[in-house]
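Novice: Below are the structure tokens for one structure; questions will follow.
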Amino acid sequence: MAQVHLTMFLASILAISLIAAASGAIQDSVKISWGEDRAEISENGELLTLKLDQGSGSGFQSNDEYLFAEVSISLKLVAGNSAGTVTAFYLSSIGDEHDEIDFEFLGNASGSPYTVHTNVFDKGVGNREQQFYLWFDPTMDFHTYTILWNKKNIIFSVDGTVIRVYKNNAAKGAGYPSDQPMRVYSSLWNAEDWATQGGKVKTDWSKAPFRAFYRNYIANACVWSAGGTACSSVPTSWMDYEITSQEVSKMKELQKTYMVYNYCEDKNRFGQTMPVECGLALN
Ligand SMILES: *[C@@H]1O[C@H](CO)[C@@H](O)[C@H](O)[C@H]1NC(C)=O
């Protein structure tokens, strides 16, 4: 009898520790890498706070570098008058010809919507911006922002809803980041010269310090090292996940309401030579 109880006890400890690993205390996966005195980790390593004051901002980066990954974070953005502030969550490699996949949240005056700015860089070249409004107030609660980057496509989602897909059309001449390992970075910084309403609305420093909050960093990833990559085996579905045509239709429906800028529709900018991928299907 005692033996049975002990076994059950051990089994439940094991179950609890597995849950803890899966939920990802943020301090186990990232380190504060910029503006150390303006960033802090609290609640037993579960909550990371970035601050921005008149001096400067702050940021963190993932411990690991990935060569393909699905990364998610729960984020609560700067509340109140966040004009001039930018909160970024992105993947990036290093060097002049770097690859990058961006989520950037452009603050706004109180009561005006945040803009979610997305971009994809391949060998140092971006110019693939799409911007969105959200269907909720991102400063009231934590919401989950996910970048899935595999060999087939890059999928940006918010609370599990796909807002953008960038397909690997390298075979048809479109750039695609696929051979440089990337790390996750996040930062809160000041960009009052351009971020809000094109730079017209400046930061209200009387409201500083500004704060953004992070929890639940999750990476389903192939971790890169000089010796090669090691892919987490559970779950593997992200590795070859490709958006379905139903999901593309659903995303296009959502974009009718929430997309505020699409480089693929900016004829003034690109003229006769629109980027190749703009004319190609997403799945
Ligand atoms: C801020 O709000 C204005 C007015 O509602 C809107 O035009 C703009 O797109 C919003 N976002 C930014 C980043 O300026």
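Novice: Within region 26-34, identify whether any single residue is open to solvent by 30 Å² or more (accessible area, probe 1.4 Å), within 16 Å of the ligand (Cβ to nearest atom) and among the aromatic types (F, W, Y), and answer yes or no.
Specialist: The answer is no, given that none of the residues of region 26-34 is open to solvent by 30 Å² or more (accessible area, probe 1.4 Å), within 16 Å of the ligand (Cβ to nearest atom) and among the aromatic types (F, W, Y).
Novice: Would you point out the residue of region 109-151, among those that are aliphatic (A, V, I, L, M) and within 15 Å of the ligand (Cβ to nearest atom), that is farthest from I73 (Cα to Cα)?
Specialist: Looking at residues that are aliphatic (A, V, I, L, M) and within 15 Å of the ligand (Cβ to nearest atom), I get A109.
Novice: Given the condition more than 30 Å from N153 (Cβ to Cβ), modelled with pLDDT of 95 or more, open to solvent by less than 50 Å² (accessible area, probe 1.4 Å) and assigned to a helix (DSSP H, G or I), answer yes or no: does some residue in region 41-51 qualify?
Specialist: Checking region 41-51: not a single residue is more than 30 Å from N153 (Cβ to Cβ), modelled with pLDDT of 95 or more, open to solvent by less than 50 Å² (accessible area, probe 1.4 Å) and assigned to a helix (DSSP H, G or I).
Novice: Another question, then. What residue, among those in region 83-108 that are open to solvent by 30 Å² or more (accessible area, probe 1.4 Å) and not in a strand (DSSP E or B), is nearest to the ligand (Cβ to nearest atom)?
Specialist: It comes out as H98.
Novice: Okay, next question. Taking region 174-206 as the region of interest, how many residues are open to solvent by 10 Å² or more (accessible area, probe 1.4 Å), away from the ligand (no atom under 16 Å from the Cβ) and over 15 Å from V120 (Cβ atoms)?
Specialist: Number satisfying all stated conditions: 6.
Novice: For region 118-156, name all the residues that are assigned to a loop (DSSP other than H, G, I, E, B), in contact (Cβ under 8 Å) with a residue 40 or more places away in the chain and either under 15 Å from the mean Cα position of the chain (by Cα) or within 19 Å of A170 (Cα to Cα) (or both).
Specialist: K123, N127, R128, E129, L134, P138, F142, N150, K151, K152 - these are the residues of region 118-156 that are assigned to a loop (DSSP other than H, G, I, E, B), in contact (Cβ under 8 Å) with a residue 40 or more places away in the chain and either under 15 Å from the mean Cα position of the chain (by Cα) or within 19 Å of A170 (Cα to Cα) (or both).
Novice: Of everything in region 157-179 that's outside any loop (DSSP other than H, G, I, E, B) and small (G, A, S), which residue is farthest from Y214 (Cα to Cα)?
Specialist: A171
Novice: Do the conditions hold for R215, that is, is it open to solvent by 70 Å² or more (accessible area, probe 1.4 Å) and in a strand (DSSP E or B)?
Specialist: In short, no.
Novice: Filter region 66-82 for residues that are more than 16 Å from the ligand (Cβ to nearest atom) and open to solvent by 50 Å² or more (accessible area, probe 1.4 Å) and give the result.
Specialist: Passing the criteria: only K76.
Novice: Filter region 250-283 down to residues that are more than 16 Å from the ligand (Cβ to nearest atom), polar (S, T, N, Q) and not in a helix (DSSP H, G or I) and give me whichever is surrounded by the most Cβ atoms within 10 Å (Cβ to Cβ).
Specialist: Here the residue is N283.
The values are calculated or read from the model by the stated rules, or taken from the named source; none is laboratory data. Given the structure is predicted, the values throughout are model-derived calculations rather than measurements. Neighbour counts are summed over all protein chains in view; Cβ atoms, including those assigned to glycine, are modelled from backbone coordinates with ideal geometry. The protein model used for the area step is the full one, side chains on, heavy atoms only, and it has no ligands, DNA or RNA in it. Shrake-Rupley method; radii C 1.70, N 1.55, O 1.52, S 1.80 Å.
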